[in-house]
1. At 7 Å along the Cα-to-beta-carbon direction for both residue 20 and residue 138, put a label point, then send me their distance in nm to one decimal.
2. Near the amide H of residue 25, under 5 Å away, which other amide H atoms are found, from residues 5 or more places off or on another chain, if H is placed in the peptide plane?
3. Based on the Cβ-Cβ distance from residue 5 to residue 50, what FRET efficiency comes out when R0 is 25 Å, to the nearest 0.05?
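Read-outs throughout are calculated quantities, based only on the coordinates presented, and are distinct from any laboratory measurement. Please read all numbers here as calculations on a predicted model, not as lab measurements. Quick reminder, even Gly has a Cβ in these numbers, built from the backbone with ideal geometry, and neighbours come from all protein chains shown.
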Amino acid sequence: MSTQTTASVSTHILDTSVGRPARSVAVSLSARGGSRERWVVLGRSATDADGRCADLPALPEGTTHVRLDFETEAYFHGHGRTQGPSHSQKQAEAQQDAPAPRDSGAFFPEVAITFAVTAGEHFHVPLLLNPFGYSVYRGS
């Protein structure tokens, strides 16, 4: 498999609510060769202590679309989170007109990101995550 005819993907997650990488978040990588093709799961991984997935599989030749699925519910339910809100953070939240915490601890129990790829390029797709929102971008 030539790197000139395939694309590669990497990702990492930053939990913006605590300003730290999100560890132990399950991630799956799927690909397809066009918008009318079926998705094929290529592999599964989990984020490390730096919030990165070091072992995502290579994309097959002919891949045009990629989907990253992040299982965020378990992370926000406490698995993988190393630090909860401090006493001062809890006080600040109590004084704000904010939604009450949900049972899962997250409004989005999963995040699915779909994007187009071009052969021969690397695509780094960071996920900025918090319990009530997320943002993604093409990184470098």
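1. In this crude label model, residue 20 to residue 138 measures out at 3.3 nm.
2. 47
3. Efficiency at R0 = 25 Å is approximately 0.25.
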